[in-house]
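Data block below; observations after.
The values are calculated or read from the model by the stated rules, or taken from the named source; none is laboratory data. Every value quoted in this text rests on a predicted model; they were computed, and no experiment measured them. Cβ: placed from backbone, ideal geometry, glycine included. Neighbour counts: every protein chain shown. SASA here: full protein model, heavy atoms, side chains in, ligands and nucleic acids out. Shrake-Rupley method; radii C 1.70, N 1.55, O 1.52, S 1.80 Å.
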Amino acid sequence: MEHISVLLKESIESLNINPDGIYVDATLGGGGHSSEILKRLSSKGHLYSFDVDDYSIARAKEKLDSVGKPNYTIIKSNFENLKYELNKLGVDKIDGIVYDLGVSSFQFDIPEKGFSYNHNARLDMRMDDSLPISAWDIVNKFDYKLIADILYKYGDEIYSREIAKKIVSNREIKPIDTTFELVDIIKEALPKKELSKKGHPAKKSFQALRVYVNRELEVLESSLRQAIEITVSGGRIAVIDFEPLEDKIVKNVFKEGYTTINIKGLPVNPEEPKLIRITKKPILPSDEELESNRRSHSAMLRVVQKA
């Protein structure tokens, strides 16, 4: 299994790396971004990389070791704990950080993770095995309304009610244990016109379950705010996202940093903007990358600099 980092060259160049600086890869994954950052650091610089998945960490460590530089630290933790984990190591300021959001190729390609509708496995979808709720819990224990709400809010699934109704009726007969069982139920719930469309009919539902299980949107917003706080003046934050809900959060958090607060009837906040746009519009994958890596198709890179 090969993990191909998306927008690798563009994101690394956008960080404008200071060889003596402190950098963070919030999403270690296969180690593609981390290894490229590490190559550009001197012995005075240091890289901190976050991940919660043991398999990804083991594979990425091999890649980082092959660079031949010891000045990196892998932190087994969610990037929601960015400030806390770095503070434990005596780090309160960083020179830059990169996020490559979404599920890594490893997690999609390992059936046991239960992320993919293309592999039959027990429903799980937890990036971190210690999380209390899995996809299995949602489809087998949550009530009809909550399931429908999750599918609609996090997957933009317009047939969320029909799918939720089918899930509830099927689980009354027997538990819905596997990804393929869920796929079959989703197909049963959708009208024929939807089944004939391009793309997998379960894509939106699986996305919604994954995002909810891993609290991806809440975690992202919290981490971005922490990143803005601890990045030094002139340091950069680069974010690669893949889905409209993620991109909306990235844009909104960054937008808050571009402008001063002006509430009617109150004096203008004298505080200067915290962020400077480096990318006016998101950077998209090249035609060459789109051709060689199908998972890059919806990727967008946004970059800001701390003022």
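Would you look at the GNM of the chain, springs on alpha carbons closer than 10 Å, and say which of 177, 124, 143 moves the most? Highest fluctuation of the listed residues: 143.
Share of carbon and sulfur in the accessible area of the stretch 2-132 stands at 47%, probe radius 1.4 Å. Partners of residue 88 within straight-line reach, counting lysines whose Cα lies under 22 Å from its Cα and excluding those fewer than 8 residues away in the same chain: 44, 61, 76.
Please go through the residue pairs 63/251; 141/203; 93/274; 187/248 and name each one whose alpha carbons sit more than 24 Å apart in this structure.
63/251; 187/248
What's the longest bit of the chain with no exposed GluC sites (Glu not before Pro), using DSSP loop states and at most 12 other Cβ atoms within 10 Å as the test? Counting only loop sites that pass the neighbour cut-off, the longest clear stretch is 3-171. Our summary gives the chain a relative contact order of 19 percent, counting only alpha carbon pairs under 8 angstrom and 6 or more residues apart.
Straight-line reach only, C-alpha to C-alpha below 16 angstrom: list the lysines that residue 9 could link to, leaving out same-chain residues fewer than 8 apart. The qualifying lysines are 39. Roughly speaking, to the nearest percent, how much of the stretch 141-297's 1.4 Å accessible area is carbon and sulfur? The computed percentage sits at 54.
Only four residue types carry charge here, +1 at the Cβ of Lys and Arg and -1 at the Cβ of Asp and Glu. Report the dipole size of the stretch 1-55 about the Cα centre in Debye, rounded to the nearest 20.
Using only the charged Cβ atoms, the result is roughly 300 debye.
Under the combined filter of DSSP loop state and at most 12 neighbouring Cβ atoms within 10 Å, the stretch 141-234 retains these trypsin sites (Lys or Arg not before Pro): 197, 198. Protein heavy-atom accessible surface, 1.4 Å probe, per residue over the stretch 31-81: 44 Å².
Of (1) -0.37, -1.05; (2) -0.30, -1.07; (3) -0.41, -1.09, which is the value of log10 I(q)/I(0) by the Debye sum over Cα atoms at q = 0.07, 0.14 Å⁻¹ derived from the coordinates here? Here the calculated entry is (2).
Ignoring aspartates and glutamates fewer than eight residues from residue 145 along the same chain, the ones with Cα atoms less than 17 angstrom from its Cα are 137, 156, 157, 162, 172. With K and R counted +1 and D and E -1, the other residues having a Cβ less than 13 Å from that of residue 74 yield a net charge of -3.
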